[in-house]
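The values are calculated or read from the model by the stated rules, or taken from the named source; none is laboratory data. Every value quoted in this text rests on a predicted model; they were computed, and no experiment measured them. Neighbour counts are summed over all protein chains in view; Cβ atoms, including those assigned to glycine, are modelled from backbone coordinates with ideal geometry.
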Amino acid sequence: MRTPWLILAVTLVAGVVMYLISRYQSPPGQYDSLNLENKDTAVINKVRVYAATQPTEIYYLDSTWLQPDSTPLKMVLKNSRLNFMPKQYQSLALIITYSDSCFYDLEIDKQDPEQSYDFHFTLQPARDTLFIKGEVQTDEGIVQFSGPMMKMYKGFILTYNNRMPPQPDSLNEGSSSIAEAGANKTITVIEN
């Protein structure tokens with residue numbers, strides 16, 4: 001008869017201890033927030049945002065965004081108007097897609113990974129594509145961005161030339177590359 005009372009007492013003491021430990025943990029850190037400002041739910045349901053940390057190349061194959069080691073990119077916004085993502089990064093590329101037909105990539109470089117950013121953007125139809133317009137709110141101020149979304153192919157590679165390692169001098173003699181001409185990004189179509 002004493003065994004059930006003993007089990008109940010031990011369980012009660014363990015619960016109180018767990019409760020006290022959980023109260024003394026430090027509060028969670030701030031996050032970066034993403035806010036899609038379109039009101040139309042048909043647009044919201046077709047928008048996806050993926051994040052790649054310090055990318056040199058990003059692959060798109062068969063409706064999947066991949067890193068060079070073939071791991072899928074993390075989706076940070078899906079079927080929602082507002083979402084949050086961890087703020088602990090130094091360099092990030094956000095890939096904003098609409099209905100797997102067009103995309104826009106936004107490069108973010110932070111001076112301090114502890115600082116949190118707020119991303120606000122909206123999609124607007126413009127002729128045969130969509131136009132993205134938005135702003136990034138930081139502690140230093142507001143940075144605005146805008147531009148047309150680019151067409152997506154069945155397979156392509158998005159290369160960030162400024163993050164690629166330099167070519168050996170023997171390959172640079174007598175040749176000019178796209179990176180030398182000042183192009184920041186290159187899209188290589190694998191399959192049309």
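Things to note:
Yes or no, residue by residue, for (1) of a type outside the set (Asp, Glu); (2) buried (at least 16 other Cβ atoms within 10 Å of the Cβ); (3) within 30 Å of residue 162 (Cβ to Cβ):
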| position | (1), (2), (3) |
| --- | --- |
| 20 | yes, no, no |
| 60 | yes, yes, yes |
| 98 | yes, yes, yes |
| 101 | yes, no, yes |
| 107 | no, yes, yes |
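- Verdict on residue 155 being at pLDDT 85 or above, surrounded by 13 or more Cβ atoms within 10 Å (Cβ to Cβ) and over 24 Å from residue 83 (Cβ atoms): yes
- Residues being among the small types (Gly, Ala, Ser) and assigned to a strand (DSSP E or B) - total across the stretch 46-104: 4
- Residue match in the stretch 86-93 (condition: out of contact with any Phe, Trp or Tyr (no Cβ under 8 Å at 6 or more places or on another chain), modelled with pLDDT of 90 or more and under 27 Å from residue 40 (Cα atoms)): no
- Candidates 104, 60 - the one that is of a type in the set (Phe, Trp, Tyr) and more than 13 Å from the chain's Cα centre (by Cα): 60
- Once the stretch 125-152 is narrowed to residues that are aliphatic (A, V, I, L, M) and within 23 Å of residue 53 (Cβ to Cβ), the residue that is surrounded by the most Cβ atoms within 10 Å (Cβ to Cβ) is 132.
- Test for residue 116: is it in contact (Cβ under 8 Å) with a residue 60 or more places away in the chain and either surrounded by 13 or more Cβ atoms within 10 Å (Cβ to Cβ) or not acidic (Asp, Glu) (or both): yes
- Selection from the stretch 62-96 of residues that are among the charged types (D, E, K, R) and surrounded by fewer than 18 Cβ atoms within 10 Å (Cβ to Cβ): 62, 69, 74, 78, 81
- Failed item in (1) part of a strand (DSSP E or B); (2) out of contact with any Leu (no Cβ under 9 Å at 6 or more places or on another chain); (3) aliphatic (A, V, I, L, M); (4) at pLDDT below 90, with residue 42 passing the rest: (1)
Residues are listed down the side, and each one gets a yes or a no for (1) more than 19 Å from residue 152 (Cβ to Cβ); (2) without any contact (Cβ under 8 Å) to a residue 24 or more places away in the chain; (3) touching a helix residue (DSSP H, G or I) at 6+ places or on another chain (Cβ under 9 Å); (4) among the aromatic types (Phe, Trp, Tyr):
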{"residue": "35", "(1), (2), (3), (4)": "yes, no, no, no"}
{"residue": "43", "(1), (2), (3), (4)": "no, no, no, no"}
{"residue": "80", "(1), (2), (3), (4)": "yes, no, yes, no"}
{"residue": "93", "(1), (2), (3), (4)": "no, no, no, no"}
{"residue": "111", "(1), (2), (3), (4)": "yes, yes, no, no"}
